[in-house]
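K.L.:
Take this structure, written in structure tokens, and hold onto it; I'll ask about it next.
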Amino acid sequence: MESQKFYRNSSSSYDEEKIEIETSKISIKKNSYNCHHHISISPDGTLVVSLNIENYQLNLYKLDRLSDSREINFYDSKNIDTSLKKLNWSLSVSNEFTLSDGTVDVLIAVSCFDENDMRYKDCSDESNESEEDMNMNNTTNDRTWIISVANQSRIPTPINNIGGIIKFLDNKGDDSTVAIIINVQGIKKYSIKNEKIKDIINNLDNNGWFNFFLSDKPIENFDFPSKFIVEMKRISNNEPCNFFIQQSLVRGRLIVEDYKDKVQTVDMYNLKTNMLENTFQKFEENAIGVGFPSFAISNNESLFAYCRGANSITIYLMENGLEVNTKKFNERNIQIIFFDFVQDDNKLLIVIEKGIYNEDTAEIDITPIIVIWDLFSSSDNCVRRTNDICSLFPPKHEHPQRLANSSGNLITITKDGTIIPILREQEIIKLMNPESNTRNKLLLNKSYGITNYSLSTIVTDFSSSTTYYQSVYNFTGKYLGTISENDKEIIIKNPEPWEQSKNHNRVLVYLNNRKSVQLVIGESTVQVWRKRKNASKFLEYIWVNKHTEVYRQFQIQNLKVGHENFSITLYIPSGITPQSGYNIKLEWPIKVNNIVDACQALEFLEKIKNVHSNPRKQFQFKNLIQQTQCIIKDCFTKKCGLWRMLDIRFDIMANLIRGNCVSIIRKILSSKYDNGKNKYLHIPRSYSWNKQIKETDLEIAIKCTKRGYQKDTIIVKYLLDYYTDNAIKTSNWMFTVSKAIPFLYEYQLEFYVKELFQKTCFGTNEIYLEQSNINTKDIIKSNNKNIHALSINRGLIKKNKPSFWQKLTSKLLCKKTTNLLRKKSTVIHNQIYMVPLPDFIVYPEGIDDKRDKLWKIPLKHLKMLIWPRDHIIEKEEKMSPFLRMVRNENRAEIYDNPSIAAIIDFKWNSAKKLFLRQVFIHLVFAFIYALHVSKPHVPNGHGKVLRNCLRECSFYWIILIGLYLLNIERIRIKYNGWKRYLSFYNFFDLFSVIFPLLTTIVPKIFKKESISHDALVACKSFAVLIISMELTLLLRYFEKVGAYVYIITNIFKKIAPFLLFMLIFIFGFSSAMFILLDYTIEKRPQNYSDLFRTTESVFFWTNGRWDQLDQWDVWQKEVFSLIGSVAVVTILQNMLIAIMASAFDDANEVSRHAALKYRAEMIAEYETIDKPSASQEENPRYIYFTSKMDYIKNWLKKSEKARESHRNYLAEIENDLWHYDDDCDVEDYYYDSNNKRKNWNHFQNYSYVSPIVGIPLSLYWFVDKDENNKKFQPSLMTSSIMRKEIIYNDVKILQEKIQHLIFILQNQQN
């Protein structure tokens, strides 16, 4: 037994709110590792390697054949340095890989290092030495061996003289193997080409100049994140950091944790990609921990388990970093020391140490306990435990050397060198797979008397797939004949009301003596009904065959029943061949998942809801739906953590959406604890459990609307509101929203997009970033702009290795000069925000992202001089969600959003190259055309020749540039179609090229004499006007000019219908005026000489021009002019002014963001064209930006008004849609360790309760952390169980000591 102290220290030198973890128990210095055996396992879990540092012997095993080993000597016994035995060692083994010649090779890495070298020393201000110089100054005992098993030789590497924690990354499918070595100086990655290993061994010598002149391509150096460095500094004050570093490495990831502003943050860096893979957050008032934290990643990399040294474990979803479940031990004297996912990630194996104070020794006696948590089991017995009597798990401080885990495999090595696969030990097997009740498999026959006291096989012949008949049995297997559904003993009369036939086959089994539990097997369902003492009945379990085809009805292969339990094997035909079906086994109540089956049943019932129009059967059908919903409600109201686990594992939310369960979905999304905290019962996902891309729940909800009425889209609204409300704290809730936005346009749900971008999360998602990760130029720009997107490096920062000359000159630099350069810094004044749309600008997976080779890039640029770039992304489904939104959105209002503005600002840095190129081409075209049509002043004598020369040259340049611009438009038409020119700007772009070309080419083709000189001059003048207007419109991409252009175009759109009406009215009035003048005067005035001039004159009445009306004096003229002044001048003109004023006000409100709309359209074009020198960094998962506070405040006020205006009847639904709450009051029960149903009231009268009684551990010992279960926390029963559990343990320990004392006395007597 060991002793330990549990306490915490909340002081911190760098963060007042940082709760530090005091590692008094786990002290590497105090508990130094004295065993000489080390062990490691390959990333794929197939190979095991052991090291004995006594004789430097390596042994390689295959996990499935541990009895056979291959011995490997990695150290020359003649040159053994005895001091090496006093060092710390690290061991690693790679996966097997096959070379081109068929050779199978494995790499083994061994590294040794001194403890003092694992203490962090801040020498940034003390020396200007390079990292290589510091490595040379280190102790000569630090070294690393990388050994090729196939060649039985050491591979010379640049890390030969470096020591640290060594690991191989998973190289499955790669042509190289990557080794990482980590010490306090940073992370070093060395990549070894598998095919070149033999050449390296044969051709390279490891001499003193090896590290200095060797190319730096195969090795990369990275700094630790600053949070990690701070923690190493703190630990180095007491002990070395090697144990801390070892614990922070999990499945090729570096885990960095921090606690700040009441937020527990865990950053996960992928050591293979060097990028920040995800950030996991948990909002806690305080963080209490004892010892080092523990981490685990599931084998399919879907789940991440985390414990920060306390007595609770949190499960996160890897793809988005959201918390799924947190369970805690309801005893403070428990410390979690290890856990890992086992059995295909369905279980979590936990090792804890329970401390009990020993009054005799005044110390804490430690009892190691192994716990199994069935992650996805709905059974109350999902938590099981046993004491680690055989000491399978070594002490915590020996885990890095003696315990290895990978791909769901656990191995340990004893002090005598014996390797033990832990999961194959009998006590672990029994713990993971507890034995169920005894079932005797009997031959199926037609006799009625085959019984068994505990479980029996129903005696019927189900071998035929076509013979079905209704039979009744009891739980002993006795046949009771056929009973009418009107019999009083039958709980449910018509369990399948959708069946057409009245005599369809059903099997009924009474599962207890009182016949209060009944199993019903129908044509397409298996149901369990229970009747209470008050005669009310409820559905306890339902399973449905999702196949509705007649030829795919299930067939019963085997059926066994017992007291309140049964086991049934069903065969589902495939419909193709009789042999291609599959079997399903149901073992109720323990080995079935009644929640998942109930959700699938609701989807099935929604499909067949319109089969019958009979009111009686419709009532029975609705009753079955209601009873099924009660099963689901009982789960997510009492077992929130389990519900979330099942949701991510079995997609049960998708079943509810397809089942149109509006009321249940609303209840799930709005459920809160008694303290008002959201339960977060739904976790959005983009990947299925097997890591395949799936339809998200939001996409399913959108598609289920089938472009119907708004009232049919309420589930979409619920989900959008749920995600956006939760995204205020973290944007990880919005992964699926990013993908679903294009579908909202596709299914005519644009009104939800407008409402979506008015949500608060798009302007309040603040985030803390270290200033070292921000570019200095970005900091300067951000202080001068309302919105500025930042270029953030969230990955591991790579160390810039100095060149040869930099190494020589670095020592000559003055230390003072270096310090002055380091002191220069720029402070960022504005708050940093994150766009709450992850992956919004990322292209879908599977899109080829090929980069041209460097020598091809200049050729590509030369080609662009004579030929425009083609569009390489043509299909919309291959575009990013952002591009798809831009292509479908015509409103500028959508861009009135800080996050969208930040995205556009981020992407504009690249797209403006295309814009500037277009502006330059149009400027050249305009200049040459102006030169062509003008009459330049030239010196006398040469004027005519020079003028003709200039015109001829400009003519050909106009043709070349014009054709180039037309070719651009041809490519655009090919990509977008003719609908592109429905836009005024796009049409004007085309017209501004075609018209000047026509005015240039037509005079050349036709003789000048055949063309009117005045008409030609007018056309050329108009062409110059068109080109100048085009240049003006190109300025719309700038904020101020873009606002003006938007206002003008929107005013024109608003008044265009009225202008048409006004012109029609004026034309009618002018026609009447023209006829009047024919009959009233002899000589018609010049302004009214024809109908066109008359119309023109009447139109100019609006400007006060009454030309030549005073030349004749007839009363008809007076009447018409009076009517015209009232109708045209007074009414129509003032109406036009009012409409223009209204249009200006509306356009002016949005005009500030018009430039963003124009830029977005340019970005959409740029993103789809060929980019020879593009970079993947242009499309990061997350976008960060800075914003001035005034801008954000103004937007929040405006968005609040918009949200109020967006409220509609879809959101105005009754607060409680559960019309069946009274019928859902299922009696309070649980299943004990023997799978017997027990009522909680049964134990209220017990005066003594101990674990022997069989109360499931999941109900009182290892429970959901956030559950406010009234049954346990405040009640007398909870304290009674906990108190008696402690008493029971104390009594048990006392008994063991007494027995031990008796044994000693007996031996003394002998």
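The values are calculated or read from the model by the stated rules, or taken from the named source; none is laboratory data. All figures in this text were calculated on a predicted structure; none of them were measured in a lab. With ideal geometry, Cβ positions are generated from the backbone for all residues, glycine too; neighbour counts draw on all protein chains shown. Please note that ligands, DNA and RNA were not included when accessible areas were found on the heavy atoms of the full protein model with its side chains. Shrake-Rupley method; radii C 1.70, N 1.55, O 1.52, S 1.80 Å.
K.L.:
Restricting to the range 544-565, and then to whatever is open to solvent by less than 20 Å² (accessible area, probe 1.4 Å) and without any contact (Cβ under 8 Å) to a residue 60 or more places away in the chain, can you tell me which residue is farthest from Phe475 (Cα to Cα)?
P.N.:
Filtering first and then ranking leaves Asn545.
K.L.:
Another question about this same structure. In the list Asn445, Asn503, Asn440, which residue meets the criterion of being surrounded by fewer than 13 Cβ atoms within 10 Å (Cβ to Cβ), in contact with a strand residue (DSSP E or B) (Cβ under 8 Å, 6 or more places away or on another chain) and at pLDDT below 75?
P.N.:
Within the list Asn445, Asn503, Asn440, the selection yields Asn440.
K.L.:
Scanning the range 330-339 for residues that are farther than 18 Å from Tyr357 by Cα and open to solvent by less than 10 Å² (accessible area, probe 1.4 Å), which turns out nearest to the chain's Cα centre (by Cα)?
P.N.:
Per the stated criteria, the residue is Phe339.
K.L.:
Considering each of Phe1052, Phe1038, Phe1065 in turn, give the residue that is out of contact with any His (no Cβ under 9 Å at 6 or more places or on another chain), farther than 29 Å from Pro996 by Cα and surrounded by 13 or more Cβ atoms within 10 Å (Cβ to Cβ).
P.N.:
Unique residue meeting the criteria: Phe1065.
K.L.:
Specify which of the listed residues (Thr314, Thr367) is within 23 Å of Ser391 (Cβ to Cβ) and hydroxyl-bearing (Ser, Thr, Tyr).
P.N.:
Thr367
K.L.:
Report, ordered by the first and then the second residue, all pairs with beta carbons closer than 8 Å, sequence separation of six or more or different chains, a first member in the range 955-967 that is exposed (fewer than 13 other Cβ atoms within 10 Å of the Cβ), and a second member that is at pLDDT below 90.
P.N.:
No pair meets every condition.
K.L.:
Let me ask you something else. Within 20 Å of Met268 (Cα to Cα), at pLDDT 70 or above and open to solvent by 30 Å² or more (accessible area, probe 1.4 Å), is that true of Tyr768?
P.N.:
yes
K.L.:
Whether any residue in the range 366-379 is open to solvent by 10 Å² or more (accessible area, probe 1.4 Å), touching a helix residue (DSSP H, G or I) at 6+ places or on another chain (Cβ under 6 Å), within 30 Å of Met645 (Cβ to Cβ) and not in a strand (DSSP E or B) is what I want to check.
P.N.:
yes
K.L.:
For the range 533-543, indicate whether the set of residues that are at pLDDT 85 or above, within 19 Å of Lys622 (Cα to Cα), basic (Lys, Arg) and assigned to a strand (DSSP E or B) is non-empty.
P.N.:
Yes, the range 533-543 contains at least one residue that is at pLDDT 85 or above, within 19 Å of Lys622 (Cα to Cα), basic (Lys, Arg) and assigned to a strand (DSSP E or B).
K.L.:
Please specify each residue of the range 656-692 satisfying the condition of being buried (at least 19 other Cβ atoms within 10 Å of the Cβ) and of a type in the set (D, E, K, R).
P.N.:
Arg658, Arg666, Lys667, Lys679, Arg685
K.L.:
Further question on the same structure: What pairs come up if the first residue lies in the range 873-898 and is assigned to a helix (DSSP H, G or I), the second is among the polar types (S, T, N, Q), and their beta carbons are under 7 Å apart, counting only those six or more places apart or on different chains?
P.N.:
Hits for this filter: Pro881/Ser738; Pro898/Ser1187.
K.L.:
Another one. Could you check the range 568-608 and list, in sequence order, the residues that are open to solvent by 70 Å² or more (accessible area, probe 1.4 Å) and either more than 27 Å from Gly641 (Cα to Cα) or in a loop (DSSP other than H, G, I, E, B) (or both)?
P.N.:
Across the range 568-608, the qualifying residues are Ile576, Pro578, Gln579, Tyr582, Asn583, Lys607.
K.L.:
Show me the strands (runs of 3 or more DSSP E) found entirely inside the range 1158-1239 where at least 2 residues are at pLDDT 55 or above and closer than 30 Å to Ser731 by Cα.
P.N.:
In the range 1158-1239, 1184-1187 are the strands (runs of 3 or more DSSP E) which contain 2 or more residues that are at pLDDT 55 or above and closer than 30 Å to Ser731 by Cα.
K.L.:
Oh, and also: State which residue pairs qualify: first residue under 17 Å from Lys754 (Cβ atoms) and crowded, with 21+ Cβ neighbours inside 10 Å and inside the range 718-733, second residue among the polar types (S, T, N, Q) and modelled with pLDDT of 90 or more in any location, beta carbons under 9 Å apart, and separation of 6 or more residues or different chains.
P.N.:
Close Cβ pairs (under 9 Å, with a partner that is among the polar types (S, T, N, Q) and modelled with pLDDT of 90 or more) amount to Leu719/Thr736; Tyr723/Thr736; Thr724/Thr760.
K.L.:
Condition (residue is touching a Lys or Arg at 6+ places or on another chain (Cβ under 7 Å), surrounded by fewer than 18 Cβ atoms within 10 Å (Cβ to Cβ), at pLDDT 75 or above and part of a helix (DSSP H, G or I)) applied to the range 1123-1141: is it met by at least one residue?
P.N.:
yes
K.L.:
Here is a list of conditions, (1) modelled with pLDDT of 85 or more; (2) assigned to a loop (DSSP other than H, G, I, E, B); (3) over 29 Å from Gly575 (Cα atoms); (4) open to solvent by less than 20 Å² (accessible area, probe 1.4 Å), and Lys515 meets all of them except one; can you say which number that is?
P.N.:
(4)
K.L.:
Which condition does Pro898 not pass, out of (1) open to solvent by less than 70 Å² (accessible area, probe 1.4 Å); (2) modelled with pLDDT of 85 or more; (3) within 30 Å of Ile1005 (Cβ to Cβ), if it passes all the others?
P.N.:
Result: Pro898 fails condition (3) only.
K.L.:
Go through (1) assigned to a loop (DSSP other than H, G, I, E, B); (2) among the β-branched types (Val, Ile, Thr); (3) free of Cβ contacts under 8 Å to residues at least 40 places away in the same chain one by one and return the number of the condition Val256 breaks.
P.N.:
(1)
K.L.:
OK, next. Looking only at the range 174-200, filter to residues that are small (Gly, Ala, Ser) and more than 28 Å from Lys233 (Cα to Cα); which one of those is most open to solvent (accessible area, probe 1.4 Å)?
P.N.:
So the residue we want is Ser191.
K.L.:
Quick one: which of Asn206, Asn161, Asn141, Asn171 is under 26 Å from His38 (Cα atoms), at pLDDT below 90, open to solvent by 50 Å² or more (accessible area, probe 1.4 Å) and not in a helix (DSSP H, G or I)?
P.N.:
One residue alone meets the criteria, Asn161.
K.L.:
Just to verify a result, which residue in the range 341-353, among those that are open to solvent by 10 Å² or more (accessible area, probe 1.4 Å) and part of a strand (DSSP E or B), is nearest to Phe393 (Cα to Cα)?
P.N.:
Selected residue: Glu353.
K.L.:
Something else: Go through (1) farther than 30 Å from Gln557 by Cα; (2) at pLDDT 85 or above; (3) part of a helix (DSSP H, G or I) one by one and return the number of the condition His397 breaks.
P.N.:
(2)
K.L.:
Another question, then. Looking at the range 880-894, which of its residues are of a type in the set (A, V, I, L, M, F, W, C) and modelled with pLDDT of 90 or more?
P.N.:
Selection gives Phe882, Leu883, Met885, Val886.
K.L.:
When the residues of the range 230-253 are filtered to those that are part of a loop (DSSP other than H, G, I, E, B) and of a type in the set (S, T, N, Q), which remaining residue is surrounded by the fewest Cβ atoms within 10 Å (Cβ to Cβ)?
P.N.:
Once the filter is applied, the top-ranked residue is Asn237.
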